[in-house]
1. Cα-Cα pairs above 16 Å in segment 216-299: how many percent?
2. For a quick check: sort Thr198, Thr328 by the number of other beta carbons within 10 angstrom, fewest at the front.
3. From the phi of every residue in segment 3-9, what ³J(HN,Hα) in whole Hz does the Karplus formula 6.51 cos²θ - 1.76 cosθ + 1.60 yield, where θ is phi - 60° and glycine or proline is x?
4. Would you compute, from DSSP H runs of 4+ residues alone, the mean residue ellipticity of the chain at 222 nm, taking -39500 (n - 2.57) per run and dividing by the full residue count, rounded to the nearest 500?
5. Please return the longest range in the chain lying between exposed loop sites, taking GluC sites (Glu not before Pro), DSSP loop only, at most 11 other beta-carbon atoms within 10 Å, and leaving the sites out.
6. For segment 199-344, what log10 I(q)/I(0) values come out of the Debye formula at q = 0.16, 0.20 1/Å, with one point per alpha carbon and no solvent?
7. What are the residues whose amide H is under 5 Å from the amide H of Leu327, where those residues sit 5 or more places off or on another chain and H is modelled from the backbone?
8. What relative contact order, as a whole-number percentage, does segment 199-344 give when Cα pairs under 8 Å and 6 or more residues apart are counted?
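Each reported figure results from applying straightforward, stated rules to the coordinates on display, with no laboratory input. Just so it is clear, the structure is predicted and the values come from calculations on it, not from any experiment. Cβ coordinates were reconstructed from backbone atoms using ideal geometry, including for glycine residues, and neighbour counts include every protein chain displayed.
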Amino acid sequence: MERGEVLGIIGKNGAGKSTLLKILSKVTAPTTGSIKCRGRIASLLEVGTGFNGEMTGRENIFLNGAILGMTKKEISSKIDEIIEFSGCERYIDTPVKRYSSGMTVRLAFAVAAFLEPEILVIDEVLAVGDAEFQKKAIGKMQDISRSGGRTVLFVSHDMNAIQKITTRCIVLGNGCIVYDGETENAIKSYISDIKEITLQEWKTLEDAPGNEFAKLKKISLLNSYGKQTYNFTSVEDVLIEIEYWDLNIEYNNTAIVHIINELDVTLLASNEFNSPVWEENHKTKGGIIKTTCKIPGRFLAEGKYSVLVAIGNYNPNIIHLLLKQALTFSVNDGIDTIGTVKRGTIGNWPGLVRPMLEWEVSKI
C-alpha cells in the first residue's frame, strides 16, 4: 500500500476480512508468513476494542494513546478535539461500561483518528453509529488520508461508503484475493458473484420461512408474458410474484418488497397494502395469498438488482419474515419505440434510476 491511500476490503461473510485485519493489527498471529508495516497502527475491530470498562472515557483516551506510543503531553494537546468530535462531552467522566455501543464507537473512533496513527484499521464497526456520526466519520477518514497523508484500511458491507472514501479496493473470497483494483470495478466484481435467483418455492408449512402468523410459499421473477427470467431490458416490466400462507387471525398481513442496486442502495420500497384490491383479498382471514408487484419498464437503470421480500402487519407494524437477496435480476439496454421511431437507451446513464419523463417541446 502507498502512504495516504484509503484501501477498501470487501467480500462475503467468512471471506477472511476480519481475520486479515486482526493479523495486521497483531491481535492474531499468522499461521504462516509474516506481516511488515511501517508506523503506528490504530485499530477499530470491535465495539470497545482496547477500552477498559471500569475506567472513564477520559481515562480511556489516555490509555489508548499510551498504547499507541503517544506521550501524555501529546494526548493532552488533542483531548479537547477528541471529546468534541465524539459527542460524549456529558459522559466523558463516566465509566465506559455505562456507555451504549454507539457512544463507545464514537469515542473509540475519535481516539483512533485524532491520536494520529500512521495506519488506521476499521472493521465494519461504524455501522453501529447513527447516520450523523457515520457521515462525520467518513468525512474524517477522507481528511486524514488526503491532508494527513495517513493510510486507512476500511472493511464494510456498505458499498456506498466504500465507494465514497476508498481509492482502491480488494475483494476477498475464501481467504484469497479475488480482485484488486479500482473501487467501482471491485464492487462490480463482488456483486457479480451473487448467484442468479429467479425462483424460490417451499412445498410445506414446516419447511417455509416465517412464523405462526405468515409463511412464504413461493416467490418468482416474471416478465410481462409470465415467463420466469433473470434478464430484463430497460423497457420491460419486472414482475415480482409472491405467494404466502396468511396465518394471522387477528391482523391482516401485507407483502413487502425492496429493490436494492449493486451499491447496496435501496431504490424503492413498496407493499401490498397500497394495492386497491388489498382489502378485498383480506376480507377473510387465513388461506394462501398471491400478490404481484410490477416495476414498470423505462424506470430502472442498467445494472444488477436484488429483491428483499418480507411479510408483516401494517398496523401494528410488525415483520414476521424477511429475506434479503430473495431474488436477483439484471437490467440491460433495450429498444424503445417513441412515436414511430425506435431508439436505443444508449448504454449506462448516470443516476440510480432512468425513468422516461415527459418533455414539452415547441419551436419559437
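1. Details: 2041 of 3486 pairs.
Summing the P(r) of segment 216-299 above 16 Å gives 59 percent of all pairs.
2. Values: Thr198 15, Thr328 18.
Least crowded to most crowded, the residues run Thr198, Thr328.
3. Taking θ as phi minus 60°, the curve returns 5, x, 7, 9, 9, x, 10 Hz for segment 3-9.
4. Working: 8 runs with 85 residues, N = 364.
It comes out at -7000 deg cm²/dmol, rounded to the nearest 500.
5. Details: sites that count: Glu2, Glu54, Glu206, Glu212, Glu250, Glu358, Glu360.
Free of exposed loop sites, the longest segment is 55-205.
6. With no solvent term, the Cα-only Debye profile gives -0.85, -1.21.
7. Val307
8. Details: 326 pairs, mean separation 39.2, N = 146.
Relative contact order comes out at 27 percent.
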